[in-house]
Amino acid sequence: MRATLRARMRWCLPLAFLATLPAHAEDQLKKVRIAFAGPALSIAQPWLQMPGPLGYWRQEGLDVNVFVARGSLQAIQLLISGQADVVQINSWPLVQAATNNGILIRDLMLNTVIDWQLVVPQDSAIKTVRDFKGKTIGTAGLPGMAFLKSYLKANGLDPDHDVQIVPTGAGALAGQALTNKKVQGLFYRGSVIAGLENSGSVFRSFSDPEWHRLPGYSMATLQSTIARDPQMLEGLVRGAAKASLFATTNPDCVVQLQWANYPATKPAGIDDETAAKWDRRTLDLTLATMKMAFELSGGAEWGKSTREQFARLQDIFLRGRLIAKKLVNPADYTIGVPDFFQKANRFDHDAIVAQAKTCDGKSQQANTHSTN
């Protein structure tokens, strides 16, 4: 059964928050479906998890349903078939869909930069990237392959002959492969590495600073949706932008609201102090790459992506043979509505910061106003 999280399912909010919301009748809200490409929604996606509880999408007249797709391919298929309006996907399937498959898909909101890491146990004999010669590296599959291979090559290794690269599945399975010595290193996104660290692993990491100049996670949609309803998309991005600012202002508040509104995502089997520490580690890594994405695009507009970012990205994917051709105009990867990101960021930033800073007391009240 397809896992579903309703962005509006629990309004665990203080009355002070609710008083700021416009009086949209439920049947007047425009329904929007976001297919999230990943195993499960978690605290690692505050721009998707927080707008519902904080009322940001409802303020835009939107009833947003964020549901889990099995991966980026399925999410894009749902988009094409009309079963999703927007997808949350990695940059590689977005570029592949636009180039190899000719799909008119556009980046709608850049959320993170590339934050993949190559890690080894802290006590490993591998001290430099060149020490991976003759070793085996585990990874999730194709999405990070181009980055890993180019990184190995830049450090003097032949990625096709000097190193064996094997799939090691999701986080826990990857950790087992490393513990059982089936692989000597792992190449995964920051949130996966954080999960392994929460389980007790201690790593030494390697990464290329240039990855932080490349688009990572994004919301995307079809050009036909942009042409049909740019106002809805602007409101959607505005709500996510508010949530991004809120989260970077007060991460501890995000942890509290996450647990209150999505209790199934709270780490189980441990005390609250440890659970909070684990979720903060995951959230902090996400917030760091969110801030990098924000600064990469000028540091003024949440979610903004540029043709230059995607031009660099498609060059890497072409060299890594993940795509067969490039788009002639890299601007075709991004939404082309004039001043879209400027308009989506038109809200009272100071008010959001103030709201986040005062969350400690209010989030405690929120627990007493839960309706579910």
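The values are calculated or read from the model by the stated rules, or taken from the named source; none is laboratory data. Fair warning: this is a prediction, and the values are worked out from it, not measured in the lab. Quick reminder, even Gly has a Cβ in these numbers, built from the backbone with ideal geometry, and neighbours come from all protein chains shown.
Of all residues in segment 162-196, those satisfying the criterion of being within 25 Å of the chain's Cα centre (by Cα) and either among the aromatic types (Phe, Trp, Tyr) or part of a loop (DSSP other than H, G, I, E, B) (or both) are Thr168, Gly169, Ala170, Phe187, Tyr188, Arg189.
Residue pairs whose Cβ atoms lie under 6 Å apart, sitting 6 or more positions apart in sequence or on different chains, and linking a residue in segment 90-118 that is free of Cβ contacts under 8 Å to residues at least 40 places away in the same chain to a partner that is crowded, with 24+ Cβ neighbours inside 10 Å, are Ala97/Ile76; Ala97/Ile105.
For Ala268, the criteria (1) within 16 Å of the chain's Cα centre (by Cα); (2) outside any helix (DSSP H, G or I); (3) not charged (D, E, K, R) hold in every case but one, which is (1). Looking at Thr249, Thr274, Thr221, Thr306, just one residue is buried (at least 22 other Cβ atoms within 10 Å of the Cβ) and hydroxyl-bearing (Ser, Thr, Tyr), and that residue is Thr221.
Residues that are hydrophobic (A, V, I, L, M, F, W, C) and over 19 Å from Ser224 (Cα atoms) were ranked within segment 322-343; the one that is surrounded by the most Cβ atoms within 10 Å (Cβ to Cβ) is Ile323.
Conditions tested, residue by residue: (1) free of Cβ contacts under 8 Å to residues at least 60 places away in the same chain; (2) of a type outside the set (Asp, Glu); (3) surrounded by 13 or more Cβ atoms within 10 Å (Cβ to Cβ).
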site	(1), (2), (3)
Lys149	no, yes, yes
Gly156	yes, yes, no
Val163	yes, yes, yes
Asn180	yes, yes, no
Arg189	no, yes, yes
Val192	yes, yes, yes
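Is it true that Asp208 is surrounded by fewer than 22 Cβ atoms within 10 Å (Cβ to Cβ), modelled with pLDDT of 95 or more and out of contact with any Asp or Glu (no Cβ under 6 Å at 6 or more places or on another chain)? The answer is no for Asp208. Filtering segment 295-305 for residues that are of a type in the set (Phe, Trp, Tyr), at pLDDT 95 or above, out of contact with any Pro (no Cβ under 9 Å at 6 or more places or on another chain) and part of a loop (DSSP other than H, G, I, E, B) leaves a non-empty set.
Cβ separations smaller than 9 Å between residues 6+ apart or across chains give the following pairs from segment 298-309 residues that are free of Cβ contacts under 8 Å to residues at least 12 places away in the same chain and of a type outside the set (A, V, I, L, M) to residues that are in a loop (DSSP other than H, G, I, E, B) and crowded, with 23+ Cβ neighbours inside 10 Å: Gly298/Lys304.
Going through segment 23-44 one residue at a time, which ones are at pLDDT 50 or above, over 30 Å from Gly195 (Cβ atoms) and either touching a helix residue (DSSP H, G or I) at 6+ places or on another chain (Cβ under 7 Å) or in a loop (DSSP other than H, G, I, E, B) (or both)? Lay out the reasoning, then the answer.
Our first condition is that a residue be at pLDDT 50 or above; within segment 23-44, this holds for 24-44.
Add one more test, that the residue is over 30 Å from Gly195 (Cβ atoms), and what stays is 24-31.
Of everything in segment 23-44, those that are at pLDDT 50 or above, over 30 Å from Gly195 (Cβ atoms) and either touching a helix residue (DSSP H, G or I) at 6+ places or on another chain (Cβ under 7 Å) or in a loop (DSSP other than H, G, I, E, B) (or both) turn out to be His24, Ala25, Leu29, Lys30.
The listed residues are Leu48, Leu5, and the only one of them that is modelled with pLDDT of 95 or more and among the aliphatic types (A, V, I, L, M) turns out to be Leu48. Of all residues in segment 328-336, one or more are over 25 Å from Ala247 (Cβ atoms), more than 23 Å from the chain's Cα centre (by Cα) and in the same structural domain as Ala240 (by TED's automatic domain parsing). Every test in (1) closer than 21 Å to Leu73 by Cβ; (2) aliphatic (A, V, I, L, M); (3) more than 21 Å from the chain's Cα centre (by Cα) is passed by Leu152 save one, and that test is (1).
Only one residue in Leu108, Leu62, Leu118, Leu94 is buried (at least 19 other Cβ atoms within 10 Å of the Cβ) and within 20 Å of Val192 (Cα to Cα), so which one is that? Only one candidate qualifies: Leu118. Taken together, the criteria exclude Gly361 from residues that are under 29 Å from Leu148 (Cβ atoms), among the small types (Gly, Ala, Ser) and at pLDDT below 95.
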